[in-house]
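Structure record follows, encoded as structure tokens.
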Amino acid sequence: MTASTPPHLPKARLVAVGGGKGGVGKTFLSANLAHTLARAGYKVVAVDTDIEGPNLHTWLGVKAPRASLADFVSGRESRVENLLEETPHHGLGLLAATHGNLAAAQPSAARRAELLAALRELPCDFVFVDCGAGAHPANIDYFLVGDEGLLVLHPEPTSVENTYTFIRAAFYRRMQLAMQKHDVRECVREAMDQRNDRGIRTPLDLLRAVEEMDPEEGQRFAATMKTFRPRVVVNEVASTEDIKLGFSVRSVCRKFFGIEVDYVGYINRDRAVRDAILLRKPLTEVHPESDAAVYLQRVAGKLVEAARNAGSSA
Ligand SMILES: Nc1ncnc2c1ncn2[C@@H]1O[C@H](COP(=O)(O)OP(=O)(O)OP(=O)(O)O)[C@@H](O)[C@H]1O
Ligand SMILES: [Mg+2]
């Protein structure tokens with residue numbers, strides 16, 4: 001990343017950071033990627049959507065956020081810009097998710113859509129959306145709205161298993177939203193039940209079923225399928241085998257789901273991460289020379305490249 005100010009992007013690029021499992025490093029990545037890009041001269045906003053377990057503000061050194069996404073969810077504030085606050089880091093704003101009403105934690109789907117539309121209009125280069133853990137419909141919707149969906153996983157069987165569950169759930173949700181005819185949408189909904197009576201077990205089975213039901217919807221399905229491209233980051237790697245995991249997730253998704261997944265990088269397990277969070281500061285500020293910070297910068301570089309390519313092909 002260069003230290004001189006880069007040219008700004010024409011429109012905010014939304015990067016959603018999700019994962020099938022809790023504690024895999026979604027917030028660590030959201031905070032540090034956001035900080036890396038802000039340090040490189042981009043204007044960045046980091047958004048915490050994990051209303052049930054918010055802590056992005058702490059990674060960014062904001063002790064007691066003044067406003068929160070919860071104010072938007074409850075209707076106390078209708079303008080997302082009014083909820084943004086400054087962080088100690090130049091060029092990096094925050095939309096926190098603290099003091100939520102736990103009795104009605106998640107916003108309605110309509111309110112979520114309003115929020116996401118507003119985020120797209122923010123006058124900045126990158127918006128990082130830190131999602132809650134797991135395949136809850138709210139998390140999936142936040143993940144799907146990103147121009148990029150970063151999927152974080154740990155090199156452990158439990159995390160890998162939940163990653164496939166998440167990819168499957170996100171894919172079906174994406175297809176349900178893309179299909180226009182009622183009976184086809186219904187078929188996608190039924191396919192979400194893994195033991196459905198139609199015998200649809202994989203996204204490829206579903207594609208065939210839709211093509212048979214309605215060729216026009218089948219074409220739309222195949223076209224949407226091509227644009228569904230989660231980007232995987234393996235966090236806390238400790239061996240060469242761990243690094244290879246991203247490649248095997250990619251080939252399993254291609255072979256069994258017919259879904260293309262990009263492997264954008266890995267971050268090693270590094271004690272410096274804990275040092276940084278104890279100081280409530282981004283790793284990329286406290287230990288920019290650490291291995292984890294160097295790998296983070298590599299992932300950040302790929303996000304910039306993708307944003308520039310998208311801008312030039314728009
Ligand atoms: N690369 C790393 N090396 C060492 N420790 C790490 C690394 N990444 C994350 N951690 C540790 O893992 C813990 C969980 O990280 P984080 O809070 O980012 O996970 P999460 O996926 O956001 O969790 P949740 O699902 O609860 O939101 C952190 O406390 C952090 O110290
Ligand atoms: Mg988190």
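Would you mention how many residues in segment 264-304 are within 16 Å of ligand 2 (Cβ to nearest atom), assigned to a helix (DSSP H, G or I) and among the charged types (D, E, K, R)? Residues flagged as within 16 Å of ligand 2 (Cβ to nearest atom), assigned to a helix (DSSP H, G or I) and among the charged types (D, E, K, R) within segment 264-304 amount to 1.
I'd like the residue in segment 32-58 that is near ligand 2 (Cβ under 9 Å from one of its atoms) and not charged (D, E, K, R) and, out of all such residues, is nearest to Glu289 (Cα to Cα). Filtering first and then ranking leaves Leu56.
The set of residues in segment 283-298 being closer than 14 Å to Ala40 by Cβ and in contact with a Lys or Arg (Cβ under 9 Å, 6 or more places away or on another chain) consists of Thr284, Glu285, Pro288.
With Leu206, Leu245 as the choices, which residue is closer than 25 Å to Leu150 by Cβ, touching a residue at least 40 places away in the same chain (Cβ under 8 Å) and not assigned by TED's automatic domain parsing to the domain that holds Leu33? Show your work before the answer.
Values: Leu206 fails: touching a residue at least 40 places away in the same chain (Cβ under 8 Å).
Of Leu206, Leu245, the one residue that is closer than 25 Å to Leu150 by Cβ, touching a residue at least 40 places away in the same chain (Cβ under 8 Å) and not assigned by TED's automatic domain parsing to the domain that holds Leu33 is Leu245.
Considering segment 165-192 alone, what residues qualify as being under 14 Å from Val210 (Cα atoms), buried (at least 20 other Cβ atoms within 10 Å of the Cβ) and touching a residue at least 40 places away in the same chain (Cβ under 8 Å)? The answer is Met175, Met179. Taking the criterion of being touching an Asp or Glu at 6+ places or on another chain (Cβ under 7 Å) and either at pLDDT below 90 or among the hydroxyl-bearing types (Ser, Thr, Tyr) (or both), the only residue of segment 112-140 that qualifies is Arg112.
Do we find that Ala117 is without any contact (Cβ under 8 Å) to a residue 24 or more places away in the chain, assigned to a helix (DSSP H, G or I), of a type in the set (Gly, Ala, Ser) and buried (at least 18 other Cβ atoms within 10 Å of the Cβ) in this structure? Working first, answer last.
Numbers: without any contact (Cβ under 8 Å) to a residue 24 or more places away in the chain: yes; assigned to a helix (DSSP H, G or I): yes; of a type in the set (Gly, Ala, Ser): yes; buried (at least 18 other Cβ atoms within 10 Å of the Cβ): no.
Judged against the criteria, Ala117 is not a match.
Among Thr49, Thr87, which is the only one that is surrounded by 18 or more Cβ atoms within 10 Å (Cβ to Cβ) and either in contact with a Lys or Arg (Cβ under 6 Å, 6 or more places away or on another chain) or in contact (Cβ under 8 Å) with a residue 60 or more places away in the chain (or both)? It would help to see each step written out before you state the result.
On the way: Thr87 fails: either in contact with a Lys or Arg (Cβ under 6 Å, 6 or more places away or on another chain) or in contact (Cβ under 8 Å) with a residue 60 or more places away in the chain (or both).
Going through Thr49, Thr87 in turn, the sole match is Thr49.
Search segment 257-314 for residues being of a type in the set (Ser, Thr, Tyr) and under 18 Å from Pro155 (Cβ atoms), and hand back the single one that is surrounded by the most Cβ atoms within 10 Å (Cβ to Cβ). That would be Tyr266.
Quick one: would you say Asp125 is closer than 17 Å to Pro230 by Cα and crowded, with 17+ Cβ neighbours inside 10 Å?
Working: closer than 17 Å to Pro230 by Cα: no; crowded, with 17+ Cβ neighbours inside 10 Å: yes.
So Asp125 does not fit the description; no.
Give me the residue from segment 1-46 that is hydroxyl-bearing (Ser, Thr, Tyr) and assigned to a loop (DSSP other than H, G, I, E, B) and, out of that set, surrounded by the fewest Cβ atoms within 10 Å (Cβ to Cβ).
Keep residues of segment 1-46 that are hydroxyl-bearing (Ser, Thr, Tyr), which gives 2, 4-5, 27, 30, 36, 42.
Subset that is assigned to a loop (DSSP other than H, G, I, E, B): 2, 4-5, 42.
Values: Thr2: 8, Ser4: 6, Thr5: 10, Tyr42: 25.
Per the stated criteria, the residue is Ser4.
The values are calculated or read from the model by the stated rules, or taken from the named source; none is laboratory data. Computed from a prediction, not measured in an experiment: that's the story for all the values here. Cβ atoms come from the backbone with ideal geometry, glycine included; neighbour counts cover every protein chain shown.
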